[in-house]
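Data block below; observations after.
The values are calculated or read from the model by the stated rules, or taken from the named source; none is laboratory data. The structure presented is a predicted model; accordingly, all values stated were derived computationally and were not measured. Here Cβ is always computed from backbone atoms with ideal geometry, including for glycine, and neighbour counts include all displayed protein chains.
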Amino acid sequence: MGFHNGKVRSRQVRWCAAICWFFIAIFGTAASSSMEIVGRVPRVLILYPYDERIAATTEAGEAVRTRLLDVTGGKIDLFSEFLDLSRFPEREHLQRMARYLSAKYADRQPDVVIALGEESARFIVRNRGGLADHARIIFGGFSRATANDLKLPSDVIGAVSEFDILKTAELARRLQPEARHLYIIGGSADFDRAWLATARTDLAAFSKDYETTYLEDLTIDEFTRRAAELPRDSIVLALTIFKDSSGRNFIPREAIRQIAQTAGAPIYGPYPTYINYGVVGGNVVTFSSLGTTIADLVLDVIAGKEVSSVDSPQTYVVDARQLRRWGLSAADLPPGTVQMFKEKTFWEQYRYVIVAALAVITAQGVVIAGLLVERRRRRKAQVESHHRLLEVVHLNQSATAGALSASIAHELNQPLGAIRSNAEAAAVILRSKTPDLKLIEQILVDIQDDDQRAHDVISQMRSLLKKRGDIDCQTFDLNDVAANAIKILHGEALRRGVAVRANPLPRKLPVRADKVHVQQVILNLATNAMDAMLDVAACDRRLIVETALARGSKVELSISDTGRGIPDSQLTSVFEPFFTTKPTGTGLGLSIARAIVETYGGKIWAGNRPEGGAVFRVVLPLARGG
Ligand code: ADP
């Protein structure tokens with residue numbers, strides 16, 4: 001069998017072949033004509049026997065093309081013709097094709113015609129005139145015996161394919177050293193019978209080691225049943241089944257597939273087309289190696305070298321899935337065996353994906369580790385900055401307490417003085433003959449109230465001076481804190497003749513922060529405002545504390561005064577640490593205020609009012625639910 005239905009050697013043809021090749025060898029006619037191509041690239045016509053869907057010929061043809069184009073660097077003119085003889089086997093079609101091709105190639109006759117398969121060879125040899133008058137014909141894809149049967153002219157040479165069943169049998173022996181039985185399967189067509197006869201001769205010595213049975217003259221169902229019953233320690237060699245004993249025609253590999261599906265032992269065959277049809281493998285001529293061999297002959301011809309027919313290289317080819325199916329070891333394969341359908345290992349299959357994934361994971365790991373370190377650093381820095389802030393704010397509070405001490409003392413004096421006067425008045429009343437007990441009771445209530453006032457002043461002072469270990473974040477109403485700050489400043493404002501006006505938005509304004517810190521911001525801004533009004537006439541000193549809603553779920557607190565205002569060039573620099581225009585100033589009040597506000601996600605900025613005086617605005621996020 002060549003590409004389709006070449007013939008195997010029978011004893012008679014073998015003799016013919018020997019004689020024929022003897023003459024060829026003696027007279028050297030196989031290498032007679034040498035080629036001379038001047039001023040153009042060589043033209044090579046590839047003749048395919050069937051249509052372009054027949055894998056065997058197209059695979060060989062592709063291998064020819066690839067090789068020729070590679071070696072010549074593309075400096076070759078390749079033509080392809082598909083004779084379509086499987087669908088149009090009639091004489092008329094052949095004649096029509098011959099006429100058509102002669103006319104087509106009249107002005108561009110090929111230098112070499114490659115005839116793939118027996119039918120192509122027969123066609124071109126018969127119709128050489130007009131189509132390939134001066135061309136060398138090189139065939140491929142059938143056996144030496146078939147070549148002899150075709151009675152090809154002596155200058156027609158090619159790559160011959162021999163199907164050596166013994167080599168396939170040896171492959172089976174290597175894979176199944178424990179096998180005791182040998183079965184040879186062959187069909188009932190002439191070709192099948194000739195093959196069986198050849199196998200009997202070729203396997204004569206080999207089969208002595210086994211209990212050998214030739215499965216022949218069977219129907220396809222009988223083949224299938226018998227194969228299914230075979231003991232596991234059997235070697236099965238499949239030749240061809242073009243026809244079974246009932247006269248039913250087959251494409252051999254289809255018949256082999258049916259048998260192999262339920263066979264009880266591994267099946268081997270000498271054709272590459274059997275691979276993927278259930279056979280383990282065999283010693284075969286692969287179509288690509290055939291193509292390469294033909295192409296090399298063509299190249300030699302074009303180079304003007306002497307050429308003669310060569311054997312296409314045989315290769316052991318196995319189906320790795322069948323090895324697995326039968327538990328055969330790939331280690332027992334002859335060196336150089338091609339394993340088809342070999343499943344790649346996970347590593348082989350996904351090597352690049354794995355490497356890429358590992359690289360990504362590693363990179364991610366590094367980034368994550370970096371981010372964690374960074375986060376830890378940031379946390380540490382945040383904790384440190386909180387402690388700093390606490391300390392700084394505490395110092396700031398102490399300074400404020402110091403600054404307010406005069407007015408606080410004054411505020412304390414007031415209730416204490418009142419208590420004293422009330423106590424003296426009560427003593428006088430008690431010394432009278434008819435003391436007015438109602439009045440004394442009223443005096444005692446007043447004393448209690450004054451005591452409460454004094455207590456409030458002291459606790460405010462204490463809250464300013466109290467040192468805390470950590471920031472105490474809580475949600476509170478900004479209006480409450482503003483009111484409390486105004487209370488603390490009340491005495492000082494009074495002392496300085498500043499009218500303080502609170503203008504709170506009449507609704508709760510929840511803010512999440514440390515209350516004491518926000519209060520300190522208000523105290524800093526308000527004391528600055530009062531400082532700025534020192535030069536203003538006493539009746540014009542006004543301090544306004546307002547709250548309002550701002551865009552984006554925020555609240556705004558503004559503190560404005562009627563002082564001298566801030567030069568535009570200093571509107572931002574006033575927040576820099578140590579910036580001061582006061583003879584005894586520290587330049588820290590505003591920078592601390594900014595640090596506090598930013599800690600709680602807010603902003604602070606300064607501006608000037610159109611009617612004169614400065615305005616400081618603080619914006620803080622409204623707490624959830626606010
Ligand atoms: P200090 O009060 O110790 O100077 P601050 O940081 O509180 O430090 O203020 C920095 C400077 O900003 C003040 O010296 C003053 O020049 C200016 N400033 C602050 N508030 C006002 C204001 N309401 N009106 C005018 N200038 C102001």
Take the residues in segment 584-617 that are β-branched (Val, Ile, Thr) and away from the ligand (no atom under 13 Å from the Cβ), then tell me which one is nearest to the chain's Cα centre (by Cα).
-> Thr599
So Ala425 clears everything in (1) surrounded by 13 or more Cβ atoms within 10 Å (Cβ to Cβ); (2) at pLDDT 90 or above; (3) within 23 Å of Ala595 (Cβ to Cβ) except one condition, right? Which one?
-> (3)
Name the residue, out of Val481, Val445, Val500, that is closer than 22 Å to Glu391 by Cα and either of a type in the set (D, E, K, R) or modelled with pLDDT of 90 or more (or both).
-> Val481
Qualifying positions in segment 69-100 - more than 53 Å from the chain's Cα centre (by Cα) and either touching a residue at least 40 places away in the same chain (Cβ under 8 Å) or surrounded by 14 or more Cβ atoms within 10 Å (Cβ to Cβ) (or both) = His93, Leu94, Met97, Ala98
In the set Arg108, Arg174, Arg122, the lone residue that is touching a residue at least 24 places away in the same chain (Cβ under 8 Å), surrounded by fewer than 24 Cβ atoms within 10 Å (Cβ to Cβ), assigned to a helix (DSSP H, G or I) and within 54 Å of the chain's Cα centre (by Cα) is Arg174
Kindly establish whether Gly304 is touching an Asp or Glu at 6+ places or on another chain (Cβ under 8 Å) and on the phi > 0 side of the Ramachandran plot.
-> yes
If you check Arg232 against the conditions, is it free of Cβ contacts under 8 Å to residues at least 40 places away in the same chain, charged (D, E, K, R) and part of a helix (DSSP H, G or I)?
-> no
Could you give every pair whose Cβ atoms fall below 6 Å, whose first residue belongs to segment 259-276 and is of a type in the set (Gly, Ala, Ser), and whose second residue is part of a helix (DSSP H, G or I) and crowded, with 21+ Cβ neighbours inside 10 Å, counting only separations of at least 6 or pairs across chains?
-> Ala263/Ala227
Pair list, Cβ < 7 Å and 6+ apart or interchain, from segment 306-325 residues that are part of a strand (DSSP E or B) to residues that are among the acidic types (Asp, Glu) | Asp311/Glu162
If you take the residues in segment 567-583 that are within 6 Å of the ligand (Cβ to nearest atom) and assigned to a loop (DSSP other than H, G, I, E, B), which one is surrounded by the most Cβ atoms within 10 Å (Cβ to Cβ)?
-> Phe579
Gly587 is checked against (1) of a type in the set (Gly, Ala, Ser); (2) at pLDDT below 95; (3) surrounded by 18 or more Cβ atoms within 10 Å (Cβ to Cβ) and fails just one. What number does that condition carry?
-> (3)
So Arg541, is it free of Cβ contacts under 8 Å to residues at least 60 places away in the same chain, surrounded by 15 or more Cβ atoms within 10 Å (Cβ to Cβ) and either within 20 Å of Ala483 (Cα to Cα) or away from the ligand (no atom under 12 Å from the Cβ) (or both) = yes
Filter result (under 57 Å from the mean Cα position of the chain (by Cα) and either of a type in the set (Val, Ile, Thr) or near the ligand (Cβ under 8 Å from one of its atoms) (or both)) within segment 544-566 = Thr547, Val555
